[in-house]
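Chemist: Dropping the structure in here first, questions after.
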Amino acid sequence: MDFAFTPEEEAFRKEVREFVDREFPPKWREHALDFFSNAGGPYDEQWSLHRAMAKKLGAKGWLSLAWPKEYGGRNSMLLQHILAEELSYYRFPGLDPFGVGMLAPMLLKSGNEEQKKRHLPGIAKGETMWCEFLSERDAGSDLASLQTRAVEDGDYFVINGQKCWTTAAHRADWGFIIARTDPEAVPNYRGLSFFLLDMKTPGISIIPIANMAGESEFNEVFFDNVRVPKENLVGGKNRGWFVVMGVLDFERSCIPAYGIARRNLDDALEYARKTKPIASALRNRLAELIVECEITRLVHYRAIWMLDKGLIPNYEAAMTKVYGLEVNQRVTATVCQVLGHYGVLTEGSKWAPLDGQAPSRYLRSIGNTLEAGSSEVDRIVIAQRGLGLPR
Amino acid sequence: MDFSLTEEQEMLRKAARDFLATECPKKLVREMAKDERGYPLELWQKLSEVGWLGLIIPEEYGGSGASFFDLVVLLEEMGRACLPGPFFSTVVLGGVTILETGSDEQKQELLPKLAQGKLLLTLALTEPSARYSADGIQTKAVQENGSFLIQGTKLFVPDAHVSDYLICAARTKETGIPEEGVTLFLVDAKSPGINCTLLETVVGDKQCEVTFDNVKVPRQNILGKLNEGWSVLEKVLEKATVAQCAEMVGGAKQVLEMTVDYAKQRVVFGHPIGSFEAIQFNCADMLIDIDGCSFITYEAAWRLSEGLPATQEVAMAKAWASEKFRRVATISHQIHGAIGFCEDHDLPLYFKRAKTWEVNFGDANFHLDKIATMAGI
């Protein structure tokens with residue numbers, strides 16, 4: 001085993017840090033943005049910043065690091081992960097998890113050459129932002145029961161139905177969507193197909209949903225006779241389930257939980273150092289979370305290492321996601337506890353420590369164990385695919 | 001980064017698993033818990049023959065010159081098998097200490113014998129205060145006519161009853177700073193004034209009370225430098241702590257495998273219990289705990305093997321293994337139901353070791369306190 005980074009990898013991390021330091025507009029620095037608050041924030045200016053930074057990242061060649069060399073990449077999931085880890089730690093905008101983290105690796109695996117040629121460059125340049133249409137009101141963990149229909153009509157598929165909890169649908173340029181093409185299929189997951197969808201297509205209407213942290217990053221989206229050209233079908237008709245399983249493995253392994261959680265924890269540690277003495281139970285709790293963050297980091301690098309070896313992390317990806325985000329949930333709760341009474345003061349309050357971000361991060365973390373597959377689904381993946389327990 | 005074992009380590013792991021399956025059945029583990037010596041002499045000789053007693057001893061001293069990480073791979077298998085006997089005390093506590101601080105002469109004298117299975121060692125460190133910090137060392141050694149006289153009580157000393165030499169940590173100088181004035185002595189276990197009593201323990205491992213009543217030790221039996229023993233002990237304890245974690249990781253992996261096998265075949269309400277979400281969630285949590293413990297242990301072991309600073313990683317590994325092996329064993333009991341609660345089932349062997357190993361070299365609270373201090377809180 002080897003837990004060291006190569007000099008090249010270390011140099012890359014340093015380069016990312018210098019980039020962040022140089023490019024972060026001072027005005028926004030104190031707001032400590034991250035992707036979700038950009039997508040869900042009330043200000044168009046935040047989203048504009050996200051887009052501007054995406055283009056800068058793209059110009060550095062950093063949005064295609066994991067891709068094969070013939071597609072302009074550096075063939076290193078590890079470098080992409082280092083980038084994601086650093087950007088999430090510094091809450092730096094610009095990295096689109098849907099395009100860079102999920103769709104691009106899926107297209108490289110399951111897309112045809114036309115689709116790769118058409119869609120990869122926009123992701124690599126940071127010009128095209130994506131969103132993901134999987135869940136519906138009545139189909140989340142039981143995704144295969146989804147009801148949105150796609151019916152063949154000449155050179156098109158016509159989509160009708162509705163999707164829900166779609167992060168950044170109101171901002172994205174393109175989306176990827178799974179819909180039912182064979183309602184008679186048994187089992188039901190064999191009747192699903194996967195499409196790429198231009199968000200400018202007529203018939204799409206979007207209603208924002210505010211979450212309990214006060215952000216409107218996700219949406220309910222309605223499809224009324226939305227016509228998708230057949231060239232946008234990925235993986236073949238009725239083969240969409242297998243594409244989505246790959247997307248989910250990529251999704252679970254692309255969420256940089258360590259960067260998110262460790263930064264939150266570091267905020268609490270810094271505060272605790274200034275306000276000594278802290279209660280010994282809380283001190284113990286913080287020490288536990290330091291360990292949990294380190295384990296989050298290691299479990300994630302295991303999955304990344306597998307990807308670079310050409311293996312598909314499956315239970316390992318689920319573990320990365322469920323453990324890392326549960327850790328973040330515990331961290332954000334503890335951050336508020338370290339702040340004590342001040343942990344209920346929100347942004348804008350003159351007495352609020354840590355820019356009043358702690359309570360909203362705590363509230364937001366409730367979604368951590370629901371999104372990208374609930375913790376229960378992840379544990380079932382670990383038990384059934386990791387340990388071979390029966391269905 | 002590389003999360004795989006080398007080909008040689010994979011071979012070592014397989015060889016150890018096969019060897020222990022044959023040579024260390026659970027029947028033997030149970031017998032040895034009641035046996036006064038605590039291990040069969042033939043098994044010790046075989047461990048020497050396969051080269052594992054001298055695994056990390058350099059070739060010039062009659063060993064195989066393998067890395068500390070290799071030893072961790074082997075210890076994981078020993079933890080899986082609940083191997084009884086003085087391997088840990090002799091190879092880790094004794095061997096590592098001599099490798100860290102022994103003079104060339106002492107190494108020449110002791111290490112080849114250790115590798116050949118002809119010398120048993122242990123470390124007499126903890127005392128009735130049961131502390132692993134420097135202030136726990138209250139046993140005194142005073143100079144007299146070129147020798148030292150050791151006076152004090154050591155407690156929880158593993159395998160002292162069979163050891164040829166005890167490495168005794170004693171206070172040779174009082175400066176008010178606990179880390180100063182500690183010296184390591186290589187004490188012949190047959191010296192007059194030593195009294196060794198076996199303790200009754202949960203596992204039936206052989207922990208001892210060792211009293212030193214003016215035990216005379218010649219000056220040349222000092223290991224390392226006079227008054228400078230604590231810095232050596234810190235290094236030894238880091239390796240011992242990770243070695244202990246490796247046994248715990250092995251034990252926990254075995255417990256999970258037993259649990260999954262049982263959950264697949266035990267049928268209730270017409271279904272194997274392993275198909276129920278309540279059982280699957282628990283098993284998933286066990287794997288999360290075990291993968292976490294494994295990687296943090298491997299990271300610490302790798303750092304020690306590479307000679308990198310590892311204080312924080314070692315503390316993390318033991319803080320985690322201490323809690324998680326117990327938790328894994330407890331969940332496993334819940335899944336096994338009443339059958340696992342029986343004394344003659346294998347599971348209690350692991351549950352008891354989880355309890356015992358939890359406290360060796362500091363429990364979770366001890367290590368969390370260190371981590372908090374390092375974080376400046």
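Chemist: Under a Cβ-only charge scheme (Lys and Arg +1, Asp and Glu -1), can you give me the dipole magnitude of segment A:132-243 about the Cα centre, in debye to the nearest 20?
Modeler: With only Lys, Arg, Asp and Glu charged at Cβ, the dipole is about 160 debye.
Chemist: Sticking with this one: What whole-number value in Å² describes the accessible area per residue of chain A for a 1.4 Å probe?
Modeler: 41
Chemist: Using a 1.4 Å probe on protein heavy atoms only, how many Å² of accessible area do B and A hide from each other, summed over both chains and rounded to 100?
Modeler: In total, this chain pair buries about 4100 Å².
Chemist: Keeping all protein chains in the complex and leaving out DNA, RNA and ligands, what accessible area do you get for A:V226 with a 1.4 Å probe, in Å² to the nearest 10?
Modeler: About 0 Å², rounded to the nearest 10.
Chemist: For segment A:221-234, in order, what is each residue's ³J(HN,Hα) by Karplus, 6.51 cos²θ - 1.76 cosθ + 1.60 with θ = phi - 60°, in whole Hz (x at glycine and Pro)?
Modeler: Here the 3J(HN,Hα) series is 10, 10, 10, 10, 6, 7, 9, 10, x, 4, 5, 8, 7, 10 Hz.
Chemist: Given only helices, namely DSSP H runs of n ≥ 4 each adding -39500 (n - 2.57), what is the per-residue ellipticity at 222 nm of chain A, to the nearest 500 deg cm²/dmol? Numbers along the way, then the final one.
Modeler: Numbers: 13 runs with 176 residues, N = 391.
Computed mean residue ellipticity for chain A: -14500 deg cm²/dmol.
Chemist: Only loop residues by DSSP count here, and only those with at most 13 other Cβ atoms within 10 Å; note down the chymotrypsin sites (Phe, Trp or Tyr not before Pro) in segment A:269-360 that meet that. The partial results should precede the final answer.
Modeler: On the way: sites: A:Y271, A:Y301, A:W305, A:Y315, A:Y323, A:Y342, A:W351; in loops: A:W351.
The qualifying sites are A:W351.
Chemist: Now for a different question. Want the number for B:D18 to B:V142: 0.36 nm per residue separation, take away the alpha-carbon distance, what's left?
Modeler: Fully extending the segment from B:D18 to B:V142 adds 39.7 nm.
Chemist: Mind checking which aspartates and glutamates have their C-alpha under 17 Å from B:K34, skipping anything on the same chain fewer than 8 residues away?
Modeler: The qualifying aspartates and glutamates are B:D159, B:E200, B:D205, B:E343, B:D344, B:D346.
Chemist: Placing +1 at every Lys and Arg Cβ and -1 at every Asp and Glu Cβ, with all other atoms neutral, what dipole size does chain A have around its Cα centre, in debye to the nearest 20?
Modeler: Once rounded to the nearest 20, the dipole reads 500 debye.
Chemist: Whole angstrom only: what separates the Cα centroid of segment A:161-213 from the Cα centroid of segment B:44-87?
Modeler: Answer, in whole Å: 58.
Chemist: In addition: How tilted is helix A:315-339 with respect to the longest principal axis of chain A? Cα atoms for both, answer in degrees (0 to 90, nearest 10).
Modeler: The two axes meet at around 40 degrees.
Chemist: Moving on. Can you tell me the Rg and Dmax of chain B, counting just the alpha carbons, in angstroms?
Modeler: 20.9, 79
Chemist: Moving on to the next point. Using a 10 Å cut-off around each Cβ of peptide B:275-281, what is the average number of partner chain Cβ atoms that fall inside?
Modeler: Mean shielding count: 4.
Chemist: Would you work out what percent of the accessible area of segment B:1-139, with all protein chains in place, is carbon or sulfur (probe 1.4 Å)?
Modeler: On the way: 2730 of 5570 Å².
Of the solvent-accessible surface of segment B:1-139, carbon and sulfur hold 49 percent.
Chemist: For chain B, what is the calculated [θ] at 222 nm in deg cm²/dmol (nearest 500), taking -39500 (n - 2.57) for each run of four or more DSSP H residues and dividing by its residue count?
Modeler: Result for chain B, helices only: -16500 deg cm²/dmol.
Chemist: Report the extension gain between B:E234 and B:S64 in nm, rounded to one decimal, defined as 0.36 nm multiplied by the number of residues separating them, less their alpha carbon distance.
Modeler: Numbers: separation 170, 0.36 × 170 = 61.20 nm, distance 2.49 nm.
My answer for the length gained is 58.7 nm.
Chemist: Indicate the residues belonging to segment A:361-391 that lose 40 Å² or more of solvent-accessible heavy-atom surface (probe 1.4 Å) upon moving from the chain alone to the assembly of all protein chains, ignoring ligands and nucleic acids.
Modeler: A:R379, A:I380, A:L387, A:L389, A:P390
Chemist: Taking the Cα centre as origin and putting +1 on Lys and Arg beta-carbons and -1 on Asp and Glu beta-carbons, what dipole magnitude results for chain B, to the nearest 20 debye?
Modeler: 680
Chemist: Could you work out the longest stretch of chain B that avoids the trypsin sites (Lys or Arg not before Pro) located in DSSP loops with at most 15 other Cβ atoms within 10 Å?
Modeler: B:226-377
Chemist: Starting from the 7 Å offset along Cα-to-Cβ, what nm value, one decimal, do you get for the label separation of A:Q115 and B:T356?
Modeler: 5.8
Chemist: Which pairs in the list A:K69/A:K230; A:K163/A:K230; A:K309/B:K26; B:K46/B:K235; A:K56/A:K109 are over 31 Å apart, alpha-carbon to alpha-carbon?
Modeler: A:K309/B:K26
Chemist: Considering only DSSP states other than H, G, I, E and B, which trypsin sites (Lys or Arg not before Pro) in segment A:237-323 qualify as loop sites with at most 13 other Cβ atoms within 10 Å?
Modeler: Listed in order of number, the matching sites are A:K309.
Chemist: Suppose R0 equals 22 Å; then what is the FRET efficiency for A:D44 and A:F222 from their Cβ-Cβ distance, rounded to the nearest 0.05?
Modeler: Result of the calculation: an efficiency of 0.45.
Chemist: Separate question: Taking Cα centroids, how far is segment A:326-391 from segment B:318-377 in Å?
Modeler: A separation of 26 Å, based on Cα centres.
Chemist: What range in chain A is the longest one free of GluC sites (Glu not before Pro) that are in a loop by DSSP and have at most 16 other Cβ atoms within 10 angstrom? List each step's numbers first, then the result.
Modeler: On the way: sites that count: A:E30, A:E127, A:E184, A:E347.
The reported range is A:185-346.
Chemist: Report, in listed order, any pair from B:K140/B:K318; B:K107/B:K253; B:K154/B:K206; A:K14/A:K125 with a Cα-Cα distance greater than 25 Å.
Modeler: B:K140/B:K318; B:K107/B:K253
Chemist: Sticking with the crude label model, points 7 Å out along Cα→Cβ, report the distance from A:K309 to B:A278 in nm, one decimal please.
Modeler: For A:K309 paired with B:A278, the spin-label model returns 3.7 nm.
Chemist: Next up: Please give the average number of partner chain Cβ atoms lying within 10 Å of the Cβ of each residue in B:301-311, rounded to a whole number.
Modeler: Mean shielding by partner chains, rounded to a whole number: 1.
Chemist: May I pose another question? Scanning chain B for GluC sites (Glu not before Pro) in DSSP loops with at most 10 other Cβ atoms within 10 Å, what's the longest stretch left with none?
Modeler: B:201-342
Chemist: For chain B, find the longest principal axis of its Cα atoms and tell me its angle to the long axis of helix B:364-374, 0 to 90°, nearest 10.
Modeler: The answer is roughly 70 degrees.
Chemist: Mind pulling the angle between the C-alpha long axis of helix A:240-254 and the longest principal axis of chain A? Nearest 10 degrees, somewhere in 0 to 90.
Modeler: Helix A:240-254 sits roughly 10 degrees off the main axis of chain A.
Chemist: I'd like the FRET efficiency for B:F341 and B:T373, computed as 1/(1 + (r/R0)^6) with the beta carbon distance as r and R0 of 35 Å, rounded to 0.05. Could the numbers behind the result be given before it?
Modeler: On the way: r = 40 Å, r/R0 = 1.14.
FRET efficiency, B:F341 to B:T373: 0.30.
Chemist: For segment A:105-152 and segment B:193-269, what is the centre-to-centre distance using only Cα atoms, to the nearest Å?
Modeler: Using only Cα atoms, the two centres lie 54 Å from each other.
Chemist: So which residues in segment A:1-24 end up with at least 30 square angstrom less accessible surface once the other protein chains are there, compared with the chain by itself, probe 1.4 angstrom?
Modeler: A:M1, A:D2, A:F3, A:A4
Chemist: Now, a different point. For the protein assembly as shown, just the Cα set please: Rg and Dmax, both in angstrom.
Modeler: 29.6, 105
Chemist: Also, I was wondering about something else. Please report the carbon-and-sulfur percent of the accessible area for chain A; probe 1.4 Å, protein heavy atoms only, DNA, RNA and ligands left out. Show your work: numbers first, answer last.
Modeler: Details: 8280 of 15880 Å².
Taking all protein chains in place, chain A shows 52 percent carbon and sulfur surface.
The values are calculated or read from the model by the stated rules, or taken from the named source; none is laboratory data. The model shown is predicted, which means the values in this text are computed figures rather than measured ones. As a convention, Cβ positions derive from the backbone with ideal geometry for all residues, glycine included, and neighbour counts pool all protein chains shown. SASA here: full protein model, heavy atoms, side chains in, ligands and nucleic acids out. Shrake-Rupley method; radii C 1.70, N 1.55, O 1.52, S 1.80 Å.
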